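Presented below is the structure to which this report refers.
Bear in mind these aren't lab numbers, they're just calculated from the coordinates by the rules spelled out. In this text, all values refer to a predicted model and were calculated from it rather than measured experimentally. Glycine also receives a Cβ, built like all others from the backbone with ideal geometry; neighbour counts cover every protein chain displayed.
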Amino acid sequence: MTAIALPSGVKVVRRRPPWLRGTSLVAVVSIGMWVIVALTLPLWSPHDPLEPIGDRLLSPNAHNWMGSDALGRDVFTRTLWGARQSLPISFVVIVSSVIVGTVVGAVSGYFGGWLDTVLMRFVDITMAFPPILLAMAITASLGPSVRNAVLAMILVWWPIYARLLRSQVVAVRQREHVESAVAIGASRWLILRRYVLPLSYTPVLVNATTDFGQVVLLTASLSFVGLGARPPSPEWGAMITEGVTNFYDWWIAAAPGIAILLVVFAFNFLGDALRDSFDVKDRGR
Amino acid sequence: MPLLLAGIATLVFVISRLTPADPLVSIVGERNLNNPEVVAAAKAQWGLDQSVFVQYVKYMKNLLHGDMGTSFTTRQPVTSDLLDRLPATLELVICALILGVSVGVSLGILAARHRGSIIDGIARFFALLGASLPAFWAGLVLLYVFYAQLGWLPGPGRLDTRDTPPSRITGFYTVDSLLHGDISTFGNAVRHLILPATVLGLGVVGIVTRLVRASLLDEFSLEYVRVARAMGLRERTVVNNHALRNALLPTITIVAFTFAFLITGAVLTETVFSWPGVGNYAVEASRRLDYPAIIGVTILGGIAFLLTNLVSDVAYAFADPRIRLS
Amino acid sequence: MTDVGATSRERTPVLSVRDLRVTFPTSTGPAPAVRGVDFDLYSGEALAIVGESGSGKSVTMLAMLGLLGRAAVTGSAKFDGTELVGLDPAKLRAIRGSKVSMIFQDPMTSLNPVLTVGRQISLVMRAHDSKLSKAAAAARAVDLLEQVAISRPQTRVHSYPHELSGGMRQRVMIAMAIANNPEVLIADEPTTALDVTVQAQIMELLGKLREEHNLALVLITHDLGVVAGATDRVNVMYAGRVVETGAVDAVFRVPVHPYTRGLLECLPRLDARQEVQVSIPGMAATPQSLPSGCPFHPRCRYAVDSCADVEPSLEPIGETLAACSVMAGVAAQ
């Protein structure tokens, strides 16, 4: 009997992962550019963000690309410097929330029992409030400052990840290969680290990406109501507040707003693309 | 459920006590520190000279009577302040929801039916845009364009400054003016609603479009849709009578969820449009560190969430015959 | 050769398929799911299409009705003289559910959970007759439920799918399918998801309807047991082609193609002792990995070297038409 013939029509194609293709690539590149700008800005900043460099309230011109504000500072420069506020703040908030949330969620989901019930009740209570309000309340209570705003946002955000991780852990825990690992006597911590967590991180990644943008929005909102960064700090939300008092000099509020829009949009887009690509894999198509 | 309410109240209490400053200051305000009567009354009511635990008990007792303390910016009981301002916010939120949901559902259907095409891309782009806009900034931009420059729409506030609001029946300017037969005030109120409702609605559109699109696509992959097509039903019938009814079920939950968030999330929009609602109250309270007011609004947010959860569960059970009849 | 089709050959077939081919675009290249299928179907006749999953039996019918979105369909499939392949989608839609109906396997997921059964039947009727009023459609729905032997149809018509048993749901699907008096009914694994006793009832119902309405029936299944009592002719499919075709009792009594033989040997029998449960060795060929020559040769115990070179075509061997060069050679002697 002859051997089975080779499968026909099989082509080996190397393709970039879906979230790096096409329009998502634009999002990734733009995020990358913002990060680079934020990191390197002190080396090449067109002007000083805090010092007046010319006449006040000039509309956009060749010298001041986005005009100057009420104190004569260059709006474009200040907008760029805003990235050095928002991006690190969001990074700290997201990373901290993910870490705290992962620990709490994994422990809660894996060990179950009364610990699970108590922790999840706490999560439920925290998540019953609109994030803005809770963050405002905490920040106001602690005293308005950037540091307290960051703390408040972490406190508001970690329950989301706790809940997410917990449901992932509960689902994965019941899968067969985890049960067989338990059967051969692997320690619970080992199972948690090696089996359960690596399989749970996908939705975390998707959420963290989208949430990055949400935190940028929240930071700006807090500053807008006077609870986060305060003048003369070139934070986008604070700059928009200045723009309100000089309503007819539209460029003062326009520039930081556009910056926020671009950053948040890029992260939202990337998060969506990530979710689409992981989703397809999950369905096994 | 009551446990959750208690938990909410407790959390807010803890937050309010986080302040490094003397709680006495926050309750009575700095100016009154020298007034021994006020101080004594506060101490009695809130148990400030006793342990934290006693204070907590008194706080909960006060809450059960609907007493959330006195705002020291308005000098009124917080509870009445909130009740005063609630209709304004509700009016805005309801309009925003109606706007956002109708646009969102339509866009979602459009995107799902033409999946992969350029229409899908555009619809998703707008949805994403709505979710990325800082609400307060969008409000400013719209005000600038439509009010300052084009003059098509009125500026901040619920009515033109020289108009008097209709005497209060529901607190909704639109409803009240209709009930009084005052058409011009009605028109005025509506025109003032357009911009802020649009701004709030943008965020809703973002969420709803994505959800409807995803739910519809999920339904499309289900067997009964294939069967319906095999039976020769028009695509439009398949979408509207079959897939949509199923896809809208999770939308009910999300809309309820959004409603709760909008109640106090309207914070920023109200600020920009000088809308005298709960959100504006919250912002003023935050700026002035008016702790009783902050506490009050936060508790309100929690209650709103619980209530809408309840309503959405009921609505969902009603809409899904599988649950209704079991 | 018992020739059930003898008298029907004088009439024209209601469904006539020639060289139908269906190819799916996949990430690894085009996958040919159906590679040249021919058959004729006459009204009142029941044809069974038998094969494992991946053989292309369902895809043939789905493609014909235009229900496969992304597949490339070539060849010819004529219904009452109208060419279905490449037909305008609106015209195809008009034929589906009214002249040619299809019912599917899993009644649990095939019905919309949030609409009443009566409403769903009405929708099918009104989709093909815009002048039909809601009331008339509702009345006829009750009528149809009675035809498919559902008790208390007036009350049942307001039930939701989850309130009915699997057998009843399948009956509802059949009611939807015959609502517009089709000429052809295609049943894709109609009994696979049902209990054995219910299976028998459904097959009985199909038989009764076939007689009453002179329906042409296409029964797609992988279960030979269902085929025996219910159909006139059988097409056995493997890897996208028909490998054997003939009258039902001819194929069952004297199967020619090794694959058909394998299938029949797998059937447990009540009248003979069997020590070992037999099955065909190896895995079914899939469109993406077709062996060369005769696609069945890797699993065939009669295969010779030349089987890997040329794919055989259907020839009369014994009492049926079969595509096997080895058997053809044996028959020639």
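Annotations
- Of C:K99/C:K131; C:K99/C:K134; C:K131/C:K208; C:K57/C:K134; C:K78/C:K131, pairs whose Cα-Cα distance is over 26 Å: C:K131/C:K208; C:K57/C:K134; C:K78/C:K131
- Inter-label distance, nm, simple model (7 Å from Cα along the C-beta direction), A:L39/B:R288: 4.7 nm
- P(r) tail fraction, the stretch C:107-179 - alpha-carbon pairs more than 21 Å apart, %: 14 percent
- Antiparallel content of DSSP bridges confined to chain C, in %, to 5: 60 percent
- Three principal axis extents of the protein assembly as shown based on alpha-carbon atoms, in descending order, are 119, 66, 63 Å.
- Farthest positive-ward along chain B dipole, Cα basis, beta-carbon charges - from B:S106, B:V225, B:V12: B:V225
- In the frame of its principal axes, the stretch C:1-118 has Cα extents of 47, 44, 31 Å, reported largest first.
- Whichever aspartates and glutamates have a C-alpha closer than 13 Å to that of B:K58, once near sequence neighbours (fewer than 8 apart) are set aside: B:D49, B:D67
- Legend: helices of chain B (whole DSSP H runs) are marked when their alpha-carbon atoms reach 20 angstrom or more along the helix axis and their mean Kyte-Doolittle hydropathy is at least -1.0; marked are B:2-17, B:78-113, B:118-132, B:183-220, B:244-265, B:291-319.
- The stretch C:37-79 shape via C-alpha gyration tensor axes, a/c threshold 1.5: oblate
- Distance (nanometres) between label positions extended 7 Å along Cα→Cβ at C:E315 and C:S165: 5.2 nm
- When only Cα pairs below 8 angstrom with a gap of at least 6 residues are kept, the stretch B:96-159 shows a relative contact order of 16 percent.
- Segment B:I118-B:S274, length gained on full extension (0.36 nm per residue, minus Cα span): 52.2 nm
- The stretch C:216-272: C-alpha gyration tensor shape, a/c 1.5 cut-off, then a/b vs b/c: oblate
- Under 15 Å, Cβ to Cβ, from B:V103 - net charge with Lys/Arg +1 and Asp/Glu -1: +3
- Here chain C is assigned +1 on the Cβ of each Lys and Arg and -1 on the Cβ of each Asp and Glu. Its dipole about the Cα centre then comes out at about 1100 debye.
- Positive-end extreme of charge dipole, chain C - chosen from C:V234, C:F252, C:A200 (charges on Cβ): C:A200
- FRET efficiency for A:L25 and B:A6, using Cβ-Cβ distance with R0 set to 60 Å, rounded to 0.05: 0.75
- FRET efficiency, 1/(1 + (r/R0)^6) with R0 22 Å, evaluated for A:L205 and A:F111 via beta carbons: 0.35
- Surrounding net charge for A:W158, when Lys and Arg each add one and Asp and Glu each subtract one, Cβ distance under 13 Å: +1
- The mean number of partner chain beta-carbon atoms within 10 angstrom of a residue's beta-carbon across peptide C:296-303 is 2.
- Inter-label distance, nm, simple model (7 Å from Cα along the C-beta direction), B:A41/B:I98: 4.3 nm
- The relative contact order of the stretch B:169-257, computed from alpha carbon pairs under 8 Å that lie at least 6 residues apart in sequence, is 24 percent.
- Rounded, prolate or oblate (a/c below 1.5 giving rounded, otherwise prolate when a/b exceeds b/c) for chain C by Cα gyration tensor: prolate
- Between C:N214 and B:V311, the FRET efficiency from the beta-carbon distance, with R0 = 60 Å, is close to 0.60.
- Counting charges near C:V248 (Lys, Arg +1; Asp, Glu -1) among other residues having Cβ under 10 Å from its Cβ returns a value of 0.
- For chain C: relative contact order, % (alpha-carbon pairs under 8 angstrom, 6 or more apart): 20 percent
- Debye, to nearest 20: dipole size of the stretch A:15-142, +1 on Lys, Arg Cβ, -1 on Asp, Glu Cβ: 460 debye
- Fewest-first ranking of C:F104, B:F220, using other Cβ atoms within 10 Å as the exposure measure: B:F220, C:F104
- Under the convention that each Lys and Arg Cβ holds +1 and each Asp and Glu Cβ holds -1, the size of the dipole of the stretch C:107-179 around its Cα centre is about 100 debye.
- When B:S167, B:S312, A:S221 are sorted by how many other C-beta atoms sit within 10 angstrom of their C-beta, beginning with the fewest, the order is B:S167, B:S312, A:S221.
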